[in-house]
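Taking it in order: structure first as structure tokens, then the write-up.
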Amino acid sequence: MIHIKNLSFSYVSDNPILENVSFDIEKGEFVAILGPNGSGKTTLIKLLLGVIKPNTGTIEVCSDKTSKTGYIPQKQELDRFFPGTVREILEAKSKDYLKTCEYLSITDRLDTRFSMLSGGLQQRVMMAFSLLDNPDLLILDEPTVGVDIRSMQEFYALLVKLKIEKKITIVLVTHDVGVISRYVSKVICIKGSMTCVGTPEETPRLLANLYGEHFDIHLHDQFEPNQEHKHQKRH
Amino acid sequence: MFEILGYGFVIKALIGGVLIGIACSLIGIFLVLKRLSLFGDGLAHVAFGGVALGFLLGIDPFISALAFTAIGAVSVQKLLDRAKLYGDAATAIILSVGMSLAVLIIGYVRGFNVNLFSFLFGSILTLSNSDLIVIFGVVAIVCAYVALNFRNLLLFAFNSELLSLTSKKDSEVSFYLSILTAMTVVITMRAVGILLVSALIVMPAMSALTIARSFKQSLVFAMLFAVISVIVGIIISAMFDLPSGATIVLTCFLIFVGASIFKNGSK
């Protein structure tokens, strides 16, 4: 589904955001992309969506020309005055939105102003928006920032349902290391020129490689860096 | 009250005012939602520079203002896109440059200050037939663009990043919206004057956004509020011999206060 080989990209010369990145994502996988702030995750999304082109290397997304890619952005701080209803937003993309709304159980919210919905429901609407043209690949950029833990779990469970029932390949950029480990099949950690690929169980080791320090990560939970270690490092 | 409707200039003012109100409210909704409420104000000051330049060169000030304002609008977009400036900072820069040019030209050539004042404060009661034709043309273009591009405009107001990543049309929408704002500002300064242009663009839109329950409803309410403000403002100003621009804007404000009270009352 996605084949990236020796990819490098920089906005300003001599300051590469991504350097020599290589990895593959197969059809039907649910993959989490992790990395510290500024590691190039959002740049990678723009490359996957074709908004920007790599300086060097190759990137192949959905080699089948009929394949489509859906995208769910970060939860936005929407203007409370934005008057658009869920129906109007979905209609702006496609007239054929009812089946998707039924599938995601948001039919009863169609005539509600989007800005009046909870964070979890807003992201569900964004998911409906991205599913309207039946994508084969779904890319999500930190979709659960600011969403409560229950809505977050429901959201990830919905992604698993999409993967199983609609055979959609899912690429999720996130910081929710502990939570996503129970849902994803592969973890890719990136930081500039470093790329580590492994299973969810290998996440602590991958992050240790990436950050160069030890993390106490409780998989299936939120994570915190090892405070004692950080304290020692500071001295 | 109905006697004043027998005067041709009042009828022309009402027709022109209603048309201008429609264009301002349609553009205003998108500017307010993109947090560019003072964009119209900035462009109005640029238009003032264009008017002064028109007087200096001896060409129709409407045409010079239109060209000048369009350049200003595109410059603001470039400052936002390329230099990544904040919207208010880009507007402030363009506003200052436009106004400075106007002051320079006024200082250089003295003698047309009286004509310039009619652009500063508006004179909708002196609209000519040719003014009405220009206003009708601009309003038709604004309405046609909004109707034909409603989906993209809605997504642009909702999340321009999403529009950019899914259809790559955000730059196109942003560009045309800037040009249409420039055209709307130029016809609006005839009605309420350069100093009050942004009021007619922002206040009906803000009143509508306060109480509307959908996007389409907000556009309809904004048009309705703008048209009511213009009609009431023109009639009152004609009846009591008051400045028309200021009367229109104060009517807009009263509607905004009413909408806010209605919103708080219905909570």
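Laboratory data are not the source of any read-out in this text; all were calculated from the coordinates shown. Model, not experiment: these values are computed from the prediction. Glycine also receives a Cβ, built like all others from the backbone with ideal geometry; neighbour counts cover every protein chain displayed.
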Roughly how crowded by other chains is peptide B:207-216, in terms of the mean Cβ count from those chains within 10 Å of each of its Cβ atoms? 4
Cα convex hull volume per residue for chain A (Å³): 143 Å³
Chain A: angle of helix A:149-165 to the longest principal axis, Cα-based, in degrees nearest 10: 80 degrees
Classify the stretch B:167-267: rounded, prolate or oblate, from the alpha-carbon gyration tensor (a ≥ b ≥ c, eigenvalue square roots; a/c under 1.5 rounded; otherwise prolate if a/b is larger than b/c)? oblate
How high is the relative contact order of chain B, in percent, counting Cα pairs under 8 Å that sit 6 or more residues apart? 31 percent
Footprinting proxy, A:100, A:169: sorted fewest to most Cβ within 10 Å, the residues are A:100, A:169
Where the Cα pairs of the stretch B:2-262 fall when distances are cut into 5 Å bins, in %: 1, 7, 14, 18, 19, 17, 13, 7, 3, 1, 0, 0
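Which number comes out as Rg/Rh for the protein assembly as shown once both Rg and the Kirkwood Rh are worked out on C-alpha atoms?
Numbers: Rg = 27.4 Å, Rh = 25.5 Å.
Value, to two decimals: 1.07.
Taking a ≥ b ≥ c as the square roots of the eigenvalues of the Cα gyration tensor of the stretch B:92-216, is the shape rounded (a/c under 1.5), prolate (a/b larger than b/c) or oblate?
Taking the square roots of the gyration eigenvalues as a ≥ b ≥ c, the stretch B:92-216 is prolate.
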Taking every residue of B:150-162, the Cβ atoms of other protein chains inside 10 Å of its Cβ average out to 5
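Of A:46/B:216; B:84/B:169; A:167/B:216; A:95/A:186; A:46/B:169, which pairs sit farther than 25 Å apart, going by alpha carbon to alpha carbon?
Table pairs above 25 Å Cα-Cα are A:46/B:216; A:167/B:216; A:95/A:186.
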Kindly provide the helix-only [θ] at 222 nm of the protein assembly as shown, computed as the sum of -39,500 (n - 2.57) over DSSP H runs of four or more divided by all residues, to the nearest 500 deg cm²/dmol? -19000 deg cm²/dmol
Considering every pair of different Cα atoms, what Kirkwood radius, in Å, is found for the stretch A:1-96? 15.9 Å
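Sorted by mean Cβ packing within 10 Å, highest first, what order do the peptides B:258-266, A:121-129 take?
A:121-129, B:258-266
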So how do A:1, B:203, B:223 line up by other beta-carbon neighbours within 10 Å, fewest first? A:1, B:223, B:203
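What order do you get for A:107-119, B:66-78 when each peptide is scored by the mean count of other beta carbon atoms within 10 Å, highest first?
My ranking of the peptides, most packed first, is B:66-78, A:107-119.
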Out of all Cα-Cα pairs in the stretch A:34-76, roughly what percent, to the nearest whole number, are more than 12 Å apart? 70 percent
Determine, for B:143, A:196, the number of other Cβ atoms within 10 Å of each Cβ, and report the residues in order from fewest to most. B:143, A:196
